[in-house]
Amino acid sequence: MQESSVLDLENLCGVDPLVNTFCELISYDTKADPDSTTVPSSVGQLRFGAYLLSAINKLGLKGVQDNNGVVSVSIPASEGMENVKSLCLLAHMDTAPDKSGADIKPALVKNYDGSGIRLANSLVIDDSVSCALKEFKGQDIIVTDGNTLLGADDKAGIAILLRLMHEICVDSNLKHGPLKIIFSVDEEIGKSTDHLSVSDIDCNYGVTVDGTKEGELDIATFNAYGAIVNFKGRSVHTAVAYKTLHNALMIANEFINMLPASQRPETTLGDEGFYHIHDLSGSTDSATLKMIIRDFTKEGMEQRLETVRSIISFLNNRYSKDTVDAKFTFQYANMADVLKDHEDYISLIKDAYKDAGVKVSLNNVRGGTDGSNLSNRGLPTPNIFTGGLNCHGPYECLVVSSFNKAYSVVRNLVTSMHKLS
């Protein structure tokens, strides 16, 4: 079992500017707050955005941070490239609410030997936790101390785009068409594209740098809804409860048990959708359940929503009218139907992978990206990998070689946009 070294990471930062930038970025706590009513949902995102804006302006570029905290910069085309199709590159500032993003302590595993990684707090990352880990034997891997997430989702993407801007400013041979770079907020709680306007972006194509394993090119995502289900009980003294007490928590439990047990995140894979209960709170008198619903097809999503409605109707008939009610919230849509009409653009991205020495793996991601809704609003926006693994928890890690290859892919794409007619 291998262990990590803080000193080895510090030494790597001295010779790898991309890693150095990443380690600077993860010092900012930008954890999204799903219960917040502010935009962005956490003040850490505003502070981080101000830092990014300063870094952009120091390069001589003109960045802007809007009232929602979104940071953007428009980069004019190189001379003679003004008529090239315009490209928007996006990454998000927030980290997932699943685990703390404060006081992250990264370290490096050098030349991973395949035996598993023991983190500083004794948690272990091995093949049982990350089936992809065995693919990166011999590689250097950045890990946490086990007490926080790492923040590669998506500060790895931000580091790549900051590095790209630096290269554009210092390398006159890096020719490119019109570019717009956006650092969005609250992607992890499904609100990022609420604060992005396709008309304001004003680009022909987009790409998010927010993926995971090396080689993945995300061209499809789930359709996604969230639901808040409320349960009304009838609370009476247990001494006289016979046939009069209605326990809201038990009714919520009935609701959960009526959902298909084989259609949960932990029992599905590939193109299979699911129902996921992620929060339940309450008392005998009232309870609230929060869930997400996912499916790759519109028809499948409609069937899933109808399943939930049918369960609610059954329970209301069993107990009394209005015992259960639900509010459904659309979150994002599958981008596949849009991207299939832009094969020339997808082909260009595939070539960018190949030119970076990366084998392309077209992927239907079991989640969503900013590109999910942007594509359906008219900006075709697939998703490029960053090299991160096991996102949203203490097992999150970043494969250094994959991280650098992701940068090469992005650079290749930017410099090849002139090939599109």
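The values are calculated or read from the model by the stated rules, or taken from the named source; none is laboratory data. This is a predicted model, so every value here is computed, not measured. Neighbour counts are summed over all protein chains in view; Cβ atoms, including those assigned to glycine, are modelled from backbone coordinates with ideal geometry. Quick note on the areas: whole protein, heavy atoms, side chains included, nothing else; ligands and nucleic acids left out. Shrake-Rupley method; radii C 1.70, N 1.55, O 1.52, S 1.80 Å.
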Residue satisfying all of: in segment 155-178; outside any helix (DSSP H, G or I) and not hydroxyl-bearing (Ser, Thr, Tyr); most open to solvent (accessible area, probe 1.4 Å) among these: ASN173
Pick from segment 72-86, criterion of a type in the set (Gly, Ala, Ser) and assigned to a strand (DSSP E or B), ranking: surrounded by the fewest Cβ atoms within 10 Å (Cβ to Cβ): SER74
Qualifying residue in segment 134-147 (condition: closer than 23 Å to VAL84 by Cβ and out of contact with any strand residue (DSSP E or B) (no Cβ under 8 Å at 6 or more places or on another chain)): no
Selected residue (criterion: farthest from ARG366 (Cα to Cα)) from residues of segment 312-337 that are of a type in the set (A, V, I, L, M, F, W, C) and not in a helix (DSSP H, G or I): VAL324
Of residues in segment 212-224 being open to solvent by less than 10 Å² (accessible area, probe 1.4 Å), of a type outside the set (A, V, I, L, M, F, W, C) and under 14 Å from the mean Cα position of the chain (by Cα), the one nearest to GLY177 (Cα to Cα): ASP218
Filtered residues of segment 15-35 (kept if open to solvent by less than 30 Å² (accessible area, probe 1.4 Å) and either within 13 Å of PHE48 (Cβ to Cβ) or in a loop (DSSP other than H, G, I, E, B) (or both)): ASP16, LEU25, ILE26, THR30, ALA32
Residue in segment 36-50 that is farthest from ILE181 (Cα to Cα), counting only those that are part of a loop (DSSP other than H, G, I, E, B) and open to solvent by 50 Å² or more (accessible area, probe 1.4 Å): THR37
Top-ranked residue of segment 92-109 - restricted to ones that are part of a loop (DSSP other than H, G, I, E, B) and not charged (D, E, K, R), ranked as nearest to ASP171 (Cα to Cα): MET93
Residues that are hydroxyl-bearing (Ser, Thr, Tyr) and under 12 Å from ASN383 (Cβ atoms), drawn from segment 347-372: THR369, SER372
Test: residue in segment 278-290 that is surrounded by fewer than 16 Cβ atoms within 10 Å (Cβ to Cβ) and in contact with a Phe, Trp or Tyr (Cβ under 6 Å, 6 or more places away or on another chain): no
Odd one out for VAL240, checked against (1) at pLDDT below 95; (2) within 30 Å of the chain's Cα centre (by Cα); (3) among the hydrophobic types (A, V, I, L, M, F, W, C): (2)
Residue ID - surrounded by the fewest Cβ atoms within 10 Å (Cβ to Cβ), chosen from residues in segment 228-255 that are small (Gly, Ala, Ser) and touching a strand residue (DSSP E or B) at 6+ places or on another chain (Cβ under 6 Å): GLY233
Residue count for segment 121-154, restricted to those that are in contact with a Phe, Trp or Tyr (Cβ under 8 Å, 6 or more places away or on another chain) and open to solvent by 10 Å² or more (accessible area, probe 1.4 Å): 7
From LEU61, LEU53, LEU89, LEU12, residue being out of contact with any Cys (no Cβ under 6 Å at 6 or more places or on another chain), open to solvent by less than 50 Å² (accessible area, probe 1.4 Å), in contact (Cβ under 8 Å) with a residue 24 or more places away in the chain and part of a helix (DSSP H, G or I): LEU12
Pairs where the first residue, in segment 21-50, is touching a residue at least 12 places away in the same chain (Cβ under 8 Å) and the second is surrounded by fewer than 21 Cβ atoms within 10 Å (Cβ to Cβ) and of a type in the set (Asp, Glu), C-beta under 6 Å, 6+ apart: SER41/ASP33; SER42/ASP33; GLY44/ASP29
Single unsatisfied condition, ASP271 versus (1) outside any loop (DSSP other than H, G, I, E, B); (2) touching a residue at least 60 places away in the same chain (Cβ under 8 Å): (1)
Residue selected from segment 321-380 under the condition over 22 Å from LEU413 (Cα atoms) and among the hydrophobic types (A, V, I, L, M, F, W, C), by the criterion most open to solvent (accessible area, probe 1.4 Å): PHE330
